[in-house]
Amino acid sequence: MQTFQTLGLAPDIFKAISAMGFEIPTPVQAKAIPQLLASDQDLIAYAQTGTGKTAAFSLPIIQKLNMEDGRIQALVLCPTRELCIQTSNEIKKFIQFMPNVSIVSVYGGDAKEKQLRSLKSGAHIVVGTPGRVHDFIRSRQLNFSAVRWLVLDEADEMLSMGFKDDLDAILSTTPNEKQTLLFSATMPSEMQTIVRTYMRNPIEINAGTQNVSAENIKHLYSVVKATDKYAALKRILDVNPDIYGIVFCRTRMDTKEIADKLIEDDYSADALHGDLSQPQREHVMKRFRAKQLQVLVATDVAARGLDINNLSHVIHYYLPDQLETYIHRSGRTGRAGKSGVSVAIITGRDKQKIQAIEKSAGIKIAQKDIPTGSEICEKRLLHFVDNIHQIEVEEAQIAPYMLEMENRLKDISKEEIVKRLAFVEFNQFLNYYRNAIDLNVGASSAKPIKERGEKGKRQERTAFSRFFINLGQRHQLDPGKLIKLLNKEMEGSGFEIGKIEILRNFSFFEIDSNYEQNVIKAFRDANWNGEPISVEVSKDKAPSSQSSGDRGDRGREREFRPRRDRDNKRSNTDSRNAAPSNFKKKKKSKFSNNFA
Ligand code: ADP
Ligand code: MG
């Protein structure tokens, strides 16, 4: 394996990158740095955003700068203001032990005078957007006659943002005798023209496909009806309470609409699209960067300037028309060894597109069901419990109320309090997802949890029979798996499933009474991982056959049931207020109140 020591970097540079915590060069760095240190040949490198391109091109340049010459020796062009700032900040860190090297960045949306003053006081390296650099060339305020290196960073992005004319103008004014370095994730045809016109015998290095095919990105798609897309999106967010992701839309209208709905539904979300002013954009990006927002709804164009690539999820609310766009989007997750998920919410007719992307990108996009209401409820309950486990309580805030609270709860055991807290929280989800239908197109006919609440409504609903099954958490059973098992054994014959209770050693479930005999018959010869399954009608809310080890569970389930009924009668607001505020506050997730 290559290390930075073996790449041939000068001591001051090596010291800087070590201080920055760089240990192992990224693939594009390992390929480009030795090449650029050794040769003046032009270079094309295929690499995605976030693969360490800045170091790949700037370290050799810094090392080869002529410190006797005060003129501009390197010009780096980046697509957006944000990328300019990010890139020049990164280069400033590389030169932290080289006080004589100077760098200036120039971009639109900021006063020209200030940038010109900085340029006048001298710059070896200029990082700029094509628009502003071209402006300065036209007004003869920037002179690139001494430029030895021209870097086109994220070249495909610059072209897709319409900078072709600016690039042409800039490229034709810089001296012929220079080294041109082009970095890009893709090679659109427009770029081939640039390469042919302005580059000489470039050497190509390829570190470009690693993101999209990276093992740490899981590519998924779910098929729903067009009218269920938003509901499906919500479920994906709900089942991933710690999500940090971008939802990609096609138009600014979609972007606005979806973001507005999410905000209304109390998600930690906002929109990024072309209608925002620069300060508005920056405000949103700042909040997202600081993780004050968990979900950003964005168009591809608006997301381009965003230097955030450490997402947990990329959600394609609409699939893009271009393969490159899919690669760009997905490449924002699965970084730095962390795993990431790219999920497309599609309708049936988009399946062909999925296949086309799989084929041309050489990846597998797996079908995954949108989670059922009960799967989400379970996930959220466990997440809540984990949060209680990890939370750091701000003592000073809670201290004044402790005595009274303890007093009021003194007749309840600790275990019971924890259980009730979790239950209060869980109940909101259950309420929200009560009657939640299966959103998956082509899903089997059984519907997940039909939770019944108020007495009045209950009478109109299906009469259920309650069944005991000899499988529980110990057998890795969960509500989702039980529903699947029921569908499998009963071949999805259109029955309705009621309440499901998964206990440690066994479980209960309810099925439309008309199907009582079908259930018994269906499970007669069924087995679970080789173990015979036993299913019986449970008339007395308790299994007729039970081992002594199960008694504890039964006790617990008896305590649970009446409270669920009582809680269901309370309004959501009540139960939400009942949740302790200190738990909400320190929680990483902002999704705790989604279900009001
Ligand atoms: P790109 O320009 O390809 O989008 P950057 O050069 O901005 O990527 O690098 C992305 C992030 O990765 C930066 O925070 C950078 O400091 C970090 N980084 C780059 N190279 C390495 C490395 N070899 N080891 C650790 N971190 C790195
Ligand atoms: Mg970059």
Out of region 60-89, which residues are β-branched (V, I, T) and either at pLDDT 95 or above or buried (at least 20 other Cβ atoms within 10 Å of the Cβ) (or both)? I61, I62, I72, V76, T80, T87
Every residue from region 53-86 that is among the β-branched types (V, I, T) and over 29 Å from M161 (Cβ atoms): none
Going through region 1-32 in order, the residues found to be away from ligand 2 (no atom under 15 Å from the Cβ), part of a helix (DSSP H, G or I) and within 21 Å of I125 (Cβ to Cβ) are L7, P11, D12, I13, F14, K15, A16, I17, A19
So, in region 318-336, of the ones that are within 14 Å of ligand 1 (Cβ to nearest atom) and charged (D, E, K, R), which residue ends up modelled with the highest pLDDT? R332
Across region 163-186, which residue is surrounded by the fewest Cβ atoms within 10 Å (Cβ to Cβ) among those that are within 16 Å of ligand 2 (Cβ to nearest atom) and part of a strand (DSSP E or B)? S184
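The rows are residues; the columns are (1) within 16 Å of ligand 2 (Cβ to nearest atom); (2) surrounded by fewer than 23 Cβ atoms within 10 Å (Cβ to Cβ); (3) in contact (Cβ under 8 Å) with a residue 40 or more places away in the chain; (4) basic (K, R).
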residue: L37; (1), (2), (3), (4): no, yes, no, no
residue: A45; (1), (2), (3), (4): yes, no, yes, no
residue: K93; (1), (2), (3), (4): yes, yes, yes, yes
residue: L116; (1), (2), (3), (4): no, yes, no, no
Unmet criterion (only one of (1) within 26 Å of Y433 (Cβ to Cβ); (2) touching a residue at least 40 places away in the same chain (Cβ under 8 Å); (3) surrounded by fewer than 19 Cβ atoms within 10 Å (Cβ to Cβ)) for E204: (1)
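Restricting to region 167-202, what's the tally of residues that are within 16 Å of ligand 1 (Cβ to nearest atom), in contact with a Leu (Cβ under 9 Å, 6 or more places away or on another chain) and within 20 Å of L36 (Cβ to Cβ)? Full working, then the answer.
From region 167-202, those within 16 Å of ligand 1 (Cβ to nearest atom) are 181-186; that's our starting set.
Subset that is in contact with a Leu (Cβ under 9 Å, 6 or more places away or on another chain): 181-184, 186.
Adding the requirement that they be within 20 Å of L36 (Cβ to Cβ) leaves 181-184.
Going through region 167-202 one residue at a time, the tally reaches 4.
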Restricting region 77-89 to residues that are assigned to a helix (DSSP H, G or I) and within 10 Å of ligand 1 (Cβ to nearest atom), the residue that is nearest to K15 (Cα to Cα): N89
Filter region 144-162 down to the residues that are of a type in the set (D, E, K, R) and within 16 Å of ligand 2 (Cβ to nearest atom) and list them by number. D153, E154, D156, E157
I'd like the residue in region 90-117 that is closer than 26 Å to S277 by Cβ and assigned to a loop (DSSP other than H, G, I, E, B) and, out of all such residues, is modelled with the highest pLDDT. Y107
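Does L319 fit the bill of being outside any helix (DSSP H, G or I), in the same structural domain as P241 (by TED's automatic domain parsing) and in contact (Cβ under 8 Å) with a residue 40 or more places away in the chain?
For L319, the condition - outside any helix (DSSP H, G or I), in the same structural domain as P241 (by TED's automatic domain parsing) and in contact (Cβ under 8 Å) with a residue 40 or more places away in the chain - is not met.
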For E392, all conditions in the list (1) in contact (Cβ under 8 Å) with a residue 40 or more places away in the chain; (2) closer than 29 Å to K484 by Cα hold save one; what is the number of the exception? (2)
Can you work out which of the residues in region 65-83 that are of a type outside the set (G, A, S) and touching a strand residue (DSSP E or B) at 6+ places or on another chain (Cβ under 8 Å) is nearest to ligand 2 (Cβ to nearest atom)? C78
Residue count, region 244-255 (criterion: surrounded by fewer than 21 Cβ atoms within 10 Å (Cβ to Cβ) and in contact (Cβ under 8 Å) with a residue 40 or more places away in the chain): 5
Output for Cβ contacts, cut-off 6 Å, separation at least six or different chains, first residue under 19 Å from K64 (Cβ atoms) and without any contact (Cβ under 8 Å) to a residue 60 or more places away in the chain in region 74-91, second outside any helix (DSSP H, G or I) and within 12 Å of ligand 1 (Cβ to nearest atom), reads S88/V127
Could you identify the single residue in A30, A74, A47 that is closer than 30 Å to H328 by Cβ, within 14 Å of ligand 1 (Cβ to nearest atom) and in contact with a helix residue (DSSP H, G or I) (Cβ under 6 Å, 6 or more places away or on another chain)? A47
Going through region 330-365 one residue at a time, which ones are of a type in the set (A, V, I, L, M, F, W, C), buried (at least 16 other Cβ atoms within 10 Å of the Cβ) and more than 21 Å from N310 (Cβ to Cβ)? I345, I346, I354, I357, A361, I365
Given the criterion basic (K, R) and more than 9 Å from ligand 1 (Cβ to nearest atom), identify the matching residue among K64, K53. K64
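The values are calculated or read from the model by the stated rules, or taken from the named source; none is laboratory data. All of these numbers come straight from a predicted model, not from anything done at the bench. Cβ coordinates were reconstructed from backbone atoms using ideal geometry, including for glycine residues, and neighbour counts include every protein chain displayed.
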